[in-house]
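The values are calculated or read from the model by the stated rules, or taken from the named source; none is laboratory data. What you see is a predicted model, and the numbers here were worked out from it, not measured in a lab. Cβ: placed from backbone, ideal geometry, glycine included. Neighbour counts: every protein chain shown.
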Amino acid sequence: MPRTPLRLRYYGDPILRAKAEPVASVDPAVRELIAGMFDCMYRERGIGLAAPQVGIAQRVFVVDVERESGERTKLALVNPVVAEKAGSVVGEEGCLSIPGIHADVKRHAEVVFEGLDGNGAPIRVRAEGLLSRALQHELDHLDGILFIDRVSAIRRKLLEPKLARMQFDDAGKPAPSTSASPSF
């Protein structure tokens, strides 16, 4: 039986500002959520997606990032935490839940995440570059933080009119983005 496709939640939806709850165990329902999140992320042409972005207040996110080496890193993290962090770097980010808006965000250059994988086994992920940025962006979603919260006060002020004007069509879908930057 095909699963019902998950739908993105957009800027202004209160679930995007709520702190997600820890997952008690990676059971069949969580594995189904993860599969649905990958489906939604690919359908929306993203590289990362957190459960709150599809209306589920659980500490789960998925990413599929191409590294500089050309290798892909596809993974689900359940109850993720940052175990190590080093350095800082500024780079452009976008978000599937805030379409059409991109801004420079300062993040840790290197991180190590720990949590459970999509089967419930402990996992430790060392990341730098775009993968590091994606992991940190998704973790923020689990804490009710949006990337626009991490931009400078001046940049945030400049974004306010655009955020206020965000338009959605009759199906609740935003206008398509024209940016080449990845969205998480």
Which ones in the range 65-89 are loosely packed, with under 13 Cβ neighbours inside 10 Å and either touching a Cys at 6+ places or on another chain (Cβ under 9 Å) or not charged (D, E, K, R) (or both)? Ser69, Gly70, Val81, Ala86, Gly87, Ser88
Please go through the range 55-71 and pick out each residue that is in contact with a helix residue (DSSP H, G or I) (Cβ under 8 Å, 6 or more places away or on another chain) and in a loop (DSSP other than H, G, I, E, B). Gly55, Ile56, Ala57, Arg59, Arg67, Glu68
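This table checks each residue for (1) in contact with a Gly (Cβ under 9 Å, 6 or more places away or on another chain); (2) at pLDDT 85 or above.
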position: Arg133; (1), (2): yes, yes
position: Asp143; (1), (2): no, yes
position: Phe147; (1), (2): yes, yes
position: Arg155; (1), (2): no, yes
position: Leu159; (1), (2): no, yes
position: Ala164; (1), (2): no, no
position: Ala171; (1), (2): no, no
position: Pro174; (1), (2): yes, no
I'd like the full set of residues that are in contact (Cβ under 8 Å) with a residue 60 or more places away in the chain and in a strand (DSSP E or B), limited to the range 13-54. Gly48, Leu49, Ala50
Unique residue being free of Cβ contacts under 8 Å to residues at least 60 places away in the same chain, part of a strand (DSSP E or B) and within 30 Å of Ala153 (Cβ to Cβ) when the list is Lys85, Lys74: Lys85
How many residues, within the range 132-163, are touching a residue at least 24 places away in the same chain (Cβ under 8 Å), part of a loop (DSSP other than H, G, I, E, B) and of a type in the set (Gly, Ala, Ser)? 1
Selection from the range 104-131 of residues that are closer than 11 Å to Gly87 by Cα and either in a strand (DSSP E or B) or among the aliphatic types (A, V, I, L, M) (or both): Lys106, Arg107, Ala109, Glu110, Val111, Glu128
Exactly one of these conditions fails for Glu92: (1) surrounded by fewer than 24 Cβ atoms within 10 Å (Cβ to Cβ); (2) within 17 Å of Asp13 (Cβ to Cβ); (3) out of contact with any Lys or Arg (no Cβ under 9 Å at 6 or more places or on another chain). Give me its number. (2)
Of the residues in the range 12-37, how many are surrounded by 17 or more Cβ atoms within 10 Å (Cβ to Cβ) and in contact with a strand residue (DSSP E or B) (Cβ under 7 Å, 6 or more places away or on another chain)? 7
The lone condition Glu84 fails out of (1) out of contact with any Ser or Thr (no Cβ under 8 Å at 6 or more places or on another chain); (2) under 26 Å from Asp39 (Cβ atoms) is (2)
Would you check if Ser97 is among the hydroxyl-bearing types (Ser, Thr, Tyr) and exposed (fewer than 15 other Cβ atoms within 10 Å of the Cβ)? no
Could you figure out which of (1) in contact with a Phe, Trp or Tyr (Cβ under 6 Å, 6 or more places away or on another chain); (2) more than 14 Å from Ile98 (Cα to Cα); (3) not charged (D, E, K, R) isn't true of Ala50? (2)
